[in-house]
Every structure is written in structure tokens, then in C-alpha cells.
Amino acid sequence: TVSAVINNKSYCYVSEKKRNMILSTAKEMGYSRNRMALGLRGMPTHTIGVVSSLFTTEIRSELLSYLNTKLEATGYQVLLGDSRNEKEREIEILRNFVSYQVDGIIRSSMFSEDELGYHSASFPPCVWIGENYSYSGKKPNLIFFREEAVFQSLKHLQEHGHSKLAY
């Protein structure tokens with residue numbers, strides 16, 4: 001019953017008083033879900049792994065902060081992996097994310113999948129942000145090319161009458 005209340009299961013029919021008592025007791029005891037146990041049961045862990053050279057530019061820090069805020073608002077926890085543009089380090093971070101059973105990965109990398117030479121059969125959905133993408137295996141669910149995205153953004157702004165643009 002406690003598990004059903006904490007996990008907000010629709011089949012759990014307890015009184016509002018009992019539900020509040022369980023939730024307040026869990027809060028007092030400092031209970032938190034074991035996200036890895038959820039993953040082992042095949043359930044969403046509500047975690048997203050972000051791997052990138054995280055702290056190289058101020059704008060990247062701003063974007064990460066914005067991404068973190070938006071994902072938290074939807075109930076997701078963000079795990080950050082700073083690759084420092086090091087191939088072996090990025091591979092290790094990706095391995096860790098797979099072992100933590102994250103629900104998805106966002107990669108902003110200078111290394112393509114082929115260059116890394118690492119791809120797990122249990123890889124979660126992936127968004128890849130980069131310049132050159134190449135991999136002969138399973139493709140990411142979504143690919144953004146920075147150069148093309150900037151070009152399309154500028155084109156869109158110009159089409160709407162904006163002429164003084166800065167990047």
C-alpha cells in the first residue's frame with residue numbers, strides 16, 4: 001500500500017487521510033526513490049544524461065542551466081558528464097549513463113559515433129548535437145547540426161524582417 005501511494009498508482013484505493021499520512025511520513029524520513037531500481041524493473045528512471053565539454057564557454061553553461069531547468073520542470077533529473085573533449089573520457093561517461101539506465105542521452109560532441117567506436121546494444125534514445133555525424137550502426141533518435149541550425153535560424157529571422165543580427 002505504501003509503495004502504491006508513493007508511486008501514485010491508480011489501483012490504490014486508500015483514504016485521503018491515510019494517503020497524506022503515508023506521504024508526510026515518507027517526507028519526514030527523507031525517503032527518495034531508488035532510480036536505479038526503477039531502471040532494473042524496466043521502468044523510467046526520469047534521468048537524462050548530458051555528455052559534452054561542459055564548461056568550455058559561458059554560453060554552454062547558460063544552455064545547460066536552461067536545459068536543466070526545463071527538464072526538472074517535467075520531473076527529470078539531469079546527470080552531467082564533462083568529457084573535456086577527451087575521447088576515452090566520453091566513452092567512459094556513456095558507459096556509466098548506460099549502466100545507470102538513464103532514459104535518454106543528449107550528446108554534444110566533437111567525436112562521431114564511428115570515431116568513438118562505442119555503442120551499446122542497450123543505448124537509450126539519444127539526441128546528438130554536433131558538426132559531423134557518422135555511424136554505421138543505430139542512428140540517434142534526433143540529430144542537430146550546429147552550423148545548419150545557425151544558418152536556418154538566421155534565415156528565419158531575415159525572412160521576418162530582422163536585419164541587425166548578432167551571434
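The values are calculated or read from the model by the stated rules, or taken from the named source; none is laboratory data. Values in this document were obtained by computation on a predicted structure and should not be read as measured data. Note: ideal-geometry Cβ built from the backbone for every residue, glycine included; neighbour counts use all protein chains shown. The accessibility values were calculated without ligands, DNA or RNA, using every heavy atom of the protein model including side chains. Shrake-Rupley method; radii C 1.70, N 1.55, O 1.52, S 1.80 Å.
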The simple spin-label model distance between GLN77 and LEU63, using points 7 Å out along Cα→Cβ, in nm, is 2.6
The alpha-carbon pair-distance distribution computed for the range 17-118, with 5 angstrom bins and whole-percent values, is 2, 12, 18, 17, 18, 14, 8, 5, 4, 2, 1, 0
Taking only protein heavy atoms and a 1.4 Å probe, the highest-to-lowest accessible-area order of LEU71, LEU79 is LEU79, LEU71
For LEU67, the accessible surface traced by a 1.4 Å probe with all protein chains present amounts, in square angstrom to the nearest 10, to 50
Once TYR118, TYR31, TYR11 are ranked on solvent-accessible area with the largest value leading and a 1.4 Å probe, the list reads TYR11, TYR31, TYR118
Per the rule of 0.36 nm per residue minus the C-alpha distance, extending ALA37 to GLU16 adds in nm 4.8 nm
Rounded to 0.05, the calculated FRET efficiency for the beta carbons of GLU28 and GLN158 at R₀ = 41 Å is 0.10
Length gained if ALA4 through LYS70 is fully extended, taking 0.36 nm per residue and subtracting the Cα-Cα distance, is 21.0 nm
Computed ³J(HN,Hα) along the range 96-110: with the Karplus parameters 6.51/-1.76/1.60, θ = phi - 60°, integer Hz and x for glycine or proline, the list is 5, 4, 5, 5, 7, 6, 5, 7, x, 10, 10, 10, 10, 9, 8
